[in-house]
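Student: Have a look at the structure that comes next, please.
What follows draws every value from the coordinates through simple rules; no lab data is involved. Just so it is clear, the model here is predicted, and its values are computed rather than measured. Counting neighbours? That spans all protein chains shown, and the Cβs are built from the backbone with ideal geometry, glycine included.
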Amino acid sequence: TKRKAVVPGAGEHPLQYNYTFWYSRRTPGRPASTQSYEQNIKQIGSFASVEQFWRFYSHMIRPGDLTGHSDFHLFKEGIKPMWEDDANKSGGKWIIRLRKGLASRCWENLILAMLGEQFMVGEEICGAVVSVRFQEDIISIWNKTASDQATTARIRDTLRRVLNLPPNTIMEYKTHTDSIK
Amino acid sequence: GTRIIYDRKFLLECRNSPIAR
């Protein structure tokens with residue numbers, strides 16, 4: 001499906017990359033096969049500037065107010081938030097499990113750091129996800145090359161800085177090939 | 001080429017701009 005290219009409007013602040021917001025929600029009781037995952041994931045929209053981002057984000061429900069098994073995904077335009085996408089297939093993600101009550105603030109800090117190019121890892125960042133679950137929430141940031149240790153270390157250190165997490169927070173790196181197994 | 005870098009404070013300020021609403 002061809003969509004109109006998004007460009008920054010007059011007087012707006014362009015971003016380094018265009019991004020697309022996605023939303024997914026698991027139907028209770030169904031197995032999470034690849035097909036049902038792709039069917040359950042919906043595009044919210046794409047943006048090219050800071051102001052366009054806020055126009056989407058300000059109207060979106062905050063992750064901490066979501067119920068059930070839901071996810072927001074924010075990926076560079078053209079990258080699907082799936083392991084199978086060419087940009088993700090050799091990649092991995094940093095995962096941070098959050099106790100209830102922290103997701104909204106952490107998600108906002110994470111995506112602002114991504115949009116503002118705070119990670120300083122060239123083209124490596126693919127996108128970010130917040131996953132709302134029953135007992136805890138999970139935020140993750142995906143990069144292209146799981147084997148690039150300098151990059152994954154830099155992403156981890158930037159996450160620590162921008163998320164301002166409690167000192168005992170555990171961060172875990174998972175390659176997407178591990179996740180498939 | 002140059003990268004377009006914004007810090008959190010600047011991005012939050014843009015939220016209040018009339019064209020962001």
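Student: Taking every Cα atom in chain A, find the radius of gyration and the maximum pairwise distance Dmax, and write them in Å.
Tutor: Values for chain A (Cα only, Rg and Dmax): 15.7, 48 Å.
Student: Lysine pairs in region A:18-149 with Cα distance under 18 Å, only those 8 or more apart or on different chains: how many are there?
Tutor: 10
Student: So if each residue of separation counts as 0.36 nm, and I subtract the Cα-Cα distance between A:K4 and A:R55, what length gain in nm does that give?
Tutor: 16.6 nm
Student: On to the next question. What number comes out for the charge environment of A:R133, summing +1 per Lys or Arg and -1 per Asp or Glu over other residues with Cβ under 11 Å away? The partial results should precede the final answer.
Tutor: Working: positive: A:R26, A:R97, A:K100; negative: A:D71, A:E136, A:D137.
Summing Lys/Arg as +1 and Asp/Glu as -1 gives 0.
Student: Given the -39500 (n - 2.57) contribution per DSSP H run of 4+ residues, what per-residue ellipticity at 222 nm results for chain A, rounded to the nearest 500 deg cm²/dmol?
Tutor: Estimated from H runs of four or more residues: -7500 deg cm²/dmol.
Student: Calculate how large, on average over all directions, the projected area of the Cα convex hull of region A:111-181 is; give the answer in nm² to one decimal.
Tutor: 5.5 nm²
Student: In peptide B:2-11, what is the residue-averaged number of other protein chain Cβ atoms found within 10 Å of each Cβ? All intermediate terms of the calculation are to be shown ahead of the outcome.
Tutor: Working: counts 1, 5, 9, 5, 10, 5, 8, 2, 4, 11.
Average per residue, whole number: 6.
Student: Still on this structure, please answer the following. If you take the Cα atoms of region A:48-92, find Rg, then find the Kirkwood Rh from the mean of 1/r over all pairs, what is Rg/Rh?
Tutor: We get a ratio of 1.05 for region A:48-92.
Student: Would you mind ranking A:V130, A:V7, A:V162 by Cβ crowding within 10 Å, fewest neighbours first?
Tutor: In increasing order of surrounding Cβ atoms, one gets A:V7, A:V162, A:V130.
Student: Among rounded, prolate and oblate, which fits region A:78-146 when a ≥ b ≥ c are the square roots of the eigenvalues of its C-alpha gyration tensor, a/c under 1.5 means rounded, and a/b larger than b/c means prolate?
Tutor: Numbers: a/c = 2.42, a/b = 1.46, b/c = 1.65.
Oblate, since a/c reaches 1.5 and b/c is not below a/b.
Student: Using a 10 Å cut-off on Cβ to Cβ distances, tally the other chain neighbours for every residue of A:11-17 and report the average as a whole number.
Tutor: Averaged over the peptide's residues, the number is 4.
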